[in-house]
Amino acid sequence: MTTTREQLHERRFPGESDEYRRAREDLLRAEMELRQHAEDVAEQRRGLPLGGVVPHDYEFQEWDLRTGSPRGVRLSGLFGGEHDTLFLYSFMYLPSPDGDPLGSPCPSCTSIIDAVAGQARHLAGQLSLAVVAKVPVERLRAHAYTRGWAKIRVLSRARNTYNRDYHAEAPDGRQLPIATVFARRNGTIHHCWSSELAYAPSNPGQHPRHVDFMWPLWNILDTTPAGRGIDFQPRLQYE
């Protein structure tokens with residue numbers, strides 16, 4: 001005997017066939033399962049115990065608009081007076097085609113922060129947010145200016161070991177795009193979470209997707225018939 005499953009809702013879109021609706025209902029159930037699983041994972045993430053105490057109060061460099069020169073700022077100073085949560089994104093610079101020893105901004109990292117910059121004012125009430133790169137702060141600030149990241153705090157870690165200590169730099173010096181969360185409790189700063197899917201096994205041909213949670217580009221493309229495509233990658237400029 002065939003059991004007819006209960007329809008999830010009564011809405012129909014213009015011109016759709018019964019075949020489409022049956023397939024869409026199957027997909028909708030899968031989307032509902034994914035939604036619940038995402039919430040379960042988020043709850044598990046929130047339940048993590050505090051991680052290790054940071055080994056150093058790292059000093060970064062940022063641009064001081066008042067003096068027109070770099071100034072030092074400690075990791076502890078990035079929290080500000082009102083927040084106990086700090087979200088740091090390690091931004092990559094890639095080997096430059098023109099041989100610039102400092103490299104060139106990663107187009108994918110740029111795409112990510114382009115999106116985050118639009119949300120920065122909303123996030124500011126909940127946490128402190130900053131982007132850190134290996135290059136001198138003048139170089140990162142210039143890139144941030146051209147992209148309109150006025151609400152994003154940009155930092156250089158050229159003089160400290162933060163990227164190496166928190167696995168945003170490979171032993172050969174390659175930079176990795178890692179998102180990291182720190183929590184301050186009773187004046188002590190703990191590592192809380194990092195996007196470790198970057199290091200975990202993935203299926204053949206599959207990107208780790210460790211920072212997709214903050215990258216709407218792919219999430220939008222995933223809703224389309226062509227999906228993410230094979231050859232498309234973000235660029236710094238489009239004709």
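The values are calculated or read from the model by the stated rules, or taken from the named source; none is laboratory data. Only a predicted model underlies this, so the values are computations on that prediction, with no experimental measurement involved. Cβ atoms come from the backbone with ideal geometry, glycine included; neighbour counts cover every protein chain shown.
Within the option set G148, G173, being surrounded by fewer than 19 Cβ atoms within 10 Å (Cβ to Cβ) and more than 21 Å from P55 (Cα to Cα) holds for one residue only, G148. Counting the residues of the range 227-239 that are without any contact (Cβ under 8 Å) to a residue 40 or more places away in the chain and either basic (K, R) or within 24 Å of A120 (Cα to Cα) (or both) gives 2. So, of the residues in the range 200-226 that are more than 15 Å from the chain's Cα centre (by Cα) and surrounded by 11 or more Cβ atoms within 10 Å (Cβ to Cβ), which turns out to be farthest from M92 (Cα to Cα)? Per the stated criteria, the residue is L221.
Looking at W193, is it buried (at least 19 other Cβ atoms within 10 Å of the Cβ), within 17 Å of the chain's Cα centre (by Cα) and within 20 Å of Q119 (Cβ to Cβ)? Full working, then the answer.
Numbers: buried (at least 19 other Cβ atoms within 10 Å of the Cβ): no; within 17 Å of the chain's Cα centre (by Cα): yes; within 20 Å of Q119 (Cβ to Cβ): yes.
Here the answer is no, as W193 does not meet what is asked.
Quick check on Y58: is it out of contact with any strand residue (DSSP E or B) (no Cβ under 6 Å at 6 or more places or on another chain), surrounded by 12 or more Cβ atoms within 10 Å (Cβ to Cβ), closer than 20 Å to P136 by Cα and touching a residue at least 24 places away in the same chain (Cβ under 8 Å)? When the stated conditions are applied, Y58 passes them. The residues listed here are R22, R71, R11, R35; of these, the one that is more than 24 Å from the chain's Cα centre (by Cα), surrounded by 10 or more Cβ atoms within 10 Å (Cβ to Cβ), of a type in the set (K, R) and farther than 24 Å from A117 by Cβ is R22. Please determine, by comparing only the residues of the range 157-170 that are over 19 Å from S128 (Cβ atoms) and not charged (D, E, K, R), which one is surrounded by the most Cβ atoms within 10 Å (Cβ to Cβ). Checking each candidate, the answer is A158. Checked against (1) in contact with a Phe, Trp or Tyr (Cβ under 9 Å, 6 or more places away or on another chain); (2) in contact (Cβ under 8 Å) with a residue 40 or more places away in the chain; (3) over 21 Å from H190 (Cα atoms), M92 meets all criteria but (1). Take F182 and decide whether it is of a type in the set (F, W, Y), in contact (Cβ under 8 Å) with a residue 60 or more places away in the chain and either surrounded by 11 or more Cβ atoms within 10 Å (Cβ to Cβ) or part of a strand (DSSP E or B) (or both). When the stated conditions are applied, F182 passes them. All of (1) among the aliphatic types (A, V, I, L, M); (2) under 26 Å from Y238 (Cα atoms); (3) outside any strand (DSSP E or B) hold for A158 with one exception: (2).
Scanning the range 187-227 for residues that are among the aliphatic types (A, V, I, L, M), outside any loop (DSSP other than H, G, I, E, B) and closer than 15 Å to S111 by Cβ yields M214, L217, I220, L221. Inside the range 191-226, residues that are free of Cβ contacts under 8 Å to residues at least 40 places away in the same chain and in contact with a helix residue (DSSP H, G or I) (Cβ under 6 Å, 6 or more places away or on another chain) make up a count of 4.
Just to be sure, is E82 modelled with pLDDT under 95 and within 23 Å of Q126 (Cβ to Cβ)? Spelling it out, E82 is indeed modelled with pLDDT under 95 and within 23 Å of Q126 (Cβ to Cβ).
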